[in-house]
Structures are given as C-alpha cells and as structure tokens.
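Read the structure below first, then the notes.
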Amino acid sequence: MEPLRSTDPARIAGYRVLGRLGAGGMGVVLLGRSPGGALVAIKLIRAEYADDTAFRTRFRREVAIARQVRNRWAVPVVDADTEAPAPWLATEFVPGPALSEAVGGGGPLPERGVRALGSMLAEALDAVHAAGLVHRDVKPGNVLLGLDGPRLIDFGIARALDDTVLTATDVIVGSPGFLSPEQAQGRRIGPASDVFSLGCVLVYAATGGRPFGSGPVEAMLFRTVHDTADLSALPPGLLPVVGACLSKDPGDRPAAADVRRAFAEDLSGGSWLPGPVTHLIAERSARMLALPDIDATSLDAGGGGGPFGGPDTGAGTGAGSGGRDTTAVAPSPGRRRFLAYVAGGAALAATGTTAAWLVSSGGGDPVGGNGGDDGKAARPELRIGLQADLSGPSAALGKGQERAVRLAVAEHNARGDAAFTLRLTTVDDGGDEERAKAAVRRFAEDPLLVAAIGATGTDAAREALVAYDEAALPLLSVVDGDIRHLNRIFLCARPRNDMQMLPVAQFLGAYEIDRVALVDDGTEYGRQTTRFLDAGLRGNGRTVLAETVREGSRDLDAEAERIAAKRPGAVVYGGGWSDAGRFAKSLNRAGFLGPRIATQAVHDPRFLAEAGQDAAGWLVVSTAADPASVPSVRPFAAAYRKRFDGVPPLFAAEAYDAVGLIAACAEGLGREKVGRQDLLPALRTTTYKGVSKSYAFEPANGTYTGTGVFVYRVERGRFRYIGTDGREV
C-alpha cells in the first residue's frame, strides 16, 4: 500500500481512506475502512470519465450487474455511488497476495493446492455465469489468495451475456496468455471462454509458465488460436480436467460447475497453500491491524416514548413497550465471525428475549390514519411501502406480513406521543419479477415514501433490488437471505443463508459428531446453505461426506441407502421442504437413526404434512421466530389472532418488527421531515430489539449481524422451539 497523495480524498461517503492500493487509466484504487471496521477497496473513477454520459450509463449498469454475483470465492461489491460527481464502487478487501505474486516469488503450487484452487475458482465462475455474466479477464493477477481460499476480483470488464453492444466483435478485451481462442480473435464469447482462461491460470499455478508461452502479444495470440497448449510440465493428475478446459472448441470444454466437482477434494488435512505463501498472507493480515483506529460513532435516539406506546425503558421488551435500542454499533462482518467461531468453538448468544407486552386496544386505521384523535392530525406523515406476494406461490407468507405490518402501523398511530403518523402503501407483486419492478416504480414516484419492506419471493427480490438501488430507496427484507442480494440500499434483516448454519456447527461440535453427511440439492439455495458449513467443518478437523441429491430426484430411497452406507454420524440436508419430506421417509427406510438436520426452507408446515411421522426428531434451523413456539413472540401472536382472527404465519413477527425499526430510526433522527437519504444510514447504524429478535447491521453493506437463528425439533407433528444451538432451552 502506498501513502495517500494530496489529491486523494480523506473520506468517500462513510469510508475513511487509509492509503493507495493502485492506479490505472480510469481511476485510482484506495483502501478504506467502513464505520463498522470492515476494510474495503474503493475504485474511484476519474472526473473526465464521470463527465461522459455514455460511460456513466455503462458504469451504472455494470455495478448493478456485478452486485448480483454472490459467492464466497468472488470478491463482492459492498457499496457504490454511481451518481456521485466522481463515481465509485467498494469491494471487500483481501489482504493476501495475487496468485501472480505468490507463484512468481515462491514458485508453483503443489498439485493438491492447484486442485483446491481450481475447485474454488470454478465455483466463483459458476456464480458469475449464473448471474448472466462473463468475467472476460480471468488471470493470475485477478486471483487473490487467502488462508481459507482464493478470491476472484475485478469485474471491471465483465459483461452481461445478452449485452449485444458491449460484447461486440472485433474487440479484444482481456490479458494475452490467458485469453480463449475466440476472445483472441475478437469473436463473441460466453462462459466457456472463462473456463479456457481458468485452464490457463491452473497451468500457471502448477508450472509457473503459460500454456502458450510468452513473448510479443501477437505471437501469444497466434499460438492461443492455432497451437496445442504445452502441458508437458503439468502433474498427470491435473491433465484430464485442465486439458479439457483448454479445448479449442468452446463446446468441448466442461462447464465451471463440472470443473468444481472434478477438483473437489477433502481439504481437512491442513492448509491448501505452501508454507511461504501462508506466512506472507499472515504477515499482510497482521499489517492491516496496525492501520489507524476506527473513528468513534454515535447515534442519538432522541427523547420521547418508545415506538409502540409507553416510555422507552431501554430494556428492549419488544412491541408495545418500547423495543428500541438505538445505539451505535460496530459489528464484525458475518464471514469473519463464522471463521473465528469454527476455529475456536465460540458459542452463540441466546436470542428471543421474552416480551412483557400489552397491545393497545385503541382504534386507528391500520393503513395509516390518525386513529380518530383530532389532536394527532397535525403530525407530519411518514410513508412506508410493503412489497409482498399476496396472490402467488408465497401468498400465505405475504398476507401474514401485510397483516403484521398493518397491526404495527395502527399501534404506532394510536400512540399519543408519536412524532409522526405512519401511512402504508401495499403492492402485490404476485412473486413475479416484472410486477416486482413495477412495485418499486410506484414507490419511487412517491417522494414521501422513505423505505420499503419486502419482497416475499427470492426471484422478485433479485429483480427489484436494481430498481430500488436506482431509486435510492432503502429496502428492508425479513425473508430474503440470498448472499447475492446485497447492495447499497438493502438491509438483510435476518442471517444470510450461509450464516444460518452456525448453530449446526455448534451442535455437531457439542455432541462430538465427526462424520457428517452434508447434502445439497443442486440449487443455489442448497449451495449457499452447505458450502460455507462444509469449509468450516473441514477446517475444524471434521470429516465431511459431501453429497448432492438433485432437486426432484425420483429414487430417493437409493440416494438415502447410499448415504446411510457411509455410516455418517449425522445428516445435514440443505434443500427445500418438498424433497426433504420424501428424503425423511427414505432415510428411515434406509435405517439411519442418527441426527437429521435441515435448514430454513424446511421450516414449513408442508414439510410436516409431506414427511408425516418420519419427520419426528428432525432438527430444523431457521431465522423465523415461530409465533406458536418462541416465548417472546406469543404476545404478538395473541394480538394478531385478536385483530385478524387467524394464526400468524412465519415471518409475520419479523415484518411487525421491521415497522418498529423504521419508526425508531426516524424518531431517533429528531427531524420533522425525514428523507430516504436520512433514513438509510440511520437504519444501518441502529440496533433494535423487536419481539422476534435483535436487529443490527454491518453499516458498509447492510448484512445482518445480530443473533437471529432459532432451532426447532419436530415433535408430535409440530415444530417445538428448543433454543439457539440445538440444545434444550
């Protein structure tokens, strides 16, 4: 890292700039620190490019697309401002060296390390391609090495697969020596081009040389197109996969997912990197600890009562008696917390504090009226939106969230000391992507609407996020835990899909279960819930039997018998409720009697109906506080039943809390008029204790940092809450 120059900014948005990481023709890359302490690499664009309308349009589009890439081995975009006078984007900072530096200074990696590198980079590329992108510049300089694995960086020239303008022919983009033949000829490229480049990178990692030699650019391009790759120095064990990657015909190359599976191996035997490289990474990581301290931050919650009536005691008793704890937070990113956890076996804090709460029986229009009290009519109005699936596949959840939000709004408006009146706008997206985007446009057209809660469905959320970003409208989701769905306006108000597995690791450690069958269903959700746990268990010395049972597989009996024959101590299933119900029956028929553990998607009454008696004994980890089982949520459930004559579904209590969080943040600002630009930083720097859980976020990217995972055991055809770590409460 170089020192800052006089022309470099001291701060960019909320990031303190610490030094220079590099510079190029389009701008400078700076090292920054978020208010929460996370280090980021900030790419700041030069003013001459920022003044180019076409460039800014392209930059805006590329940032939006790059945010869709979410994978543990791909460095994520955590923040950006495409409309600033000098636009910028921030990515997670990785202190390790580039592969080019490690190999150039220390020699080739051992075969085992190359296999691990290939598997992890292929997984990152699989995520890139799933987002509809081609990276276009996979090379050793764009692979950073960490102790837990590599990180693929620089999506600066990545392009969408359907972008006919930006993938024009006769233009060569990329790095000679690591280009595919079609890329070297300026032809249109697809995901297979990245696989070819990956093959070149693996040759370099294993041999220290390029498969098509070095020298003048023209000579390297010619050999790439016409000559056979030189693989004479490649270890024989790598030849089949790497040779297939380097096929001249794109149709003959394996997909990135195929490379990942071919190179997958047990990494429990120690570091995947040679000693000199691990020492270099450790040295650089230690150097980061010597950087300037984090600036102190604070947020004044303001005076007055709690958001739902009565004085705010600060005790965090939940809805109706305060529920606000608006103190500044500086949480560690979830990934670092998990790595520290699996290394040291740290226990999770308990969650779900019991609420002492009496719901106001006063009237009030649940969609934002003044409750019939003329004295409240003069209060300023704060508008919030709810985007939910009220008529599609997730209508039951969506309707429950809508009712819970209406309940929270009505109770807020019935408060005599409320600083403002809430008004709710609800839009039904039907779980449809286009309707989701239309919902955002409707919200964006209302200048008084300062935040939205939603969406119910993952697909609808993915498509709507770009539109929310363009409107600079904060979006709070209590349902969506997809690790790809983070951007500058999003707040993930629940543990991410990968982080929900923390109690599973704790349970397996507490009961000293060594051999674990970790089953994914081949879906993106299945990968997110199992892959990070896989790495954590292996790193903690446990034996992982990684299994894939494809979603919709017909012969689950055969799959269950195959897995049971390996004699695992426990089976962890990372798929959805439907297949989990059938799989539960198959495991019983196969005679497996050990612990059976499932994830969020199985916390569904339909799993109980599908599995029947075979569901008994299953442990289910979930980010939803079940109103029928979690003590702190029962008062809310009683109020919900009284008002709507029905039982609240999962995530209704969390939607109720979302209104309380938004209201608490707006009140804490102490302003009569609150805008979207005011509310977002307040939301990201506020801790709030609701009826379901405590809410806190990483200020840099909106990731949930609270302790919000619940464990249930299936007993007598229902989910019984047993705690936060799989042991009885």
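The values are calculated or read from the model by the stated rules, or taken from the named source; none is laboratory data. Fair warning: this is a prediction, and the values are worked out from it, not measured in the lab. Note that we place each Cβ from the backbone using ideal geometry, even for glycine, and neighbour counts take in every protein chain shown.
Tabulated values for the structure
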{"item": "Region 37-48: number of residues that are farther than 18 Å from Glu92 by Cα and surrounded by 17 or more Cβ atoms within 10 Å (Cβ to Cβ)", "result": "0"}
{"item": "Among (1) surrounded by fewer than 24 Cβ atoms within 10 Å (Cβ to Cβ); (2) among the hydrophobic types (A, V, I, L, M, F, W, C); (3) within 24 Å of the chain's Cα centre (by Cα); (4) closer than 30 Å to Leu508 by Cβ - the single one Ala653 does not satisfy", "result": "(1)"}
{"item": "Which numbered condition Phe592 misses (of (1) closer than 25 Å to Asp498 by Cα; (2) out of contact with any Gly (no Cβ under 7 Å at 6 or more places or on another chain); (3) in a loop (DSSP other than H, G, I, E, B))", "result": "(1)"}
{"item": "Residue in region 639-648 that is under 24 Å from Ala471 (Cα atoms) and assigned by TED's automatic domain parsing to the domain that holds Val691 present", "result": "no"}
{"item": "Members of region 399-428 found to be assigned to a loop (DSSP other than H, G, I, E, B) and either in contact with a Leu (Cβ under 8 Å, 6 or more places away or on another chain) or not assigned by TED's automatic domain parsing to the domain that holds Glu654 (or both), listed by number", "result": "Phe420"}
{"item": "Counted residues, region 580-603 - those being crowded, with 18+ Cβ neighbours inside 10 Å and without any contact (Cβ under 8 Å) to a residue 24 or more places away in the chain", "result": "0"}
{"item": "Filter pass, Ala264 being touching a helix residue (DSSP H, G or I) at 6+ places or on another chain (Cβ under 9 Å), within 22 Å of Ala546 (Cα to Cα) and not assigned by TED's automatic domain parsing to the domain that holds Val516", "result": "yes"}
{"item": "Scan of region 90-100 for residues that are farther than 18 Å from Ala116 by Cα and not β-branched (Val, Ile, Thr), ordered by number", "result": "Ala90, Glu92, Phe93, Pro95"}
{"item": "Options Val138, Val114, Val143: the member that is touching a helix residue (DSSP H, G or I) at 6+ places or on another chain (Cβ under 8 Å), buried (at least 24 other Cβ atoms within 10 Å of the Cβ), without any contact (Cβ under 8 Å) to a residue 60 or more places away in the chain and not small (Gly, Ala, Ser)", "result": "Val143"}
{"item": "Residue in region 674-683 that is under 21 Å from Arg403 (Cβ atoms), small (Gly, Ala, Ser), at pLDDT below 95 and not in a strand (DSSP E or B) present", "result": "no"}
{"item": "Unique match (being basic (Lys, Arg), on the phi < 0 side of the Ramachandran plot, at pLDDT below 85 and buried (at least 17 other Cβ atoms within 10 Å of the Cβ)) among Arg16, Arg72, Arg61", "result": "Arg72"}
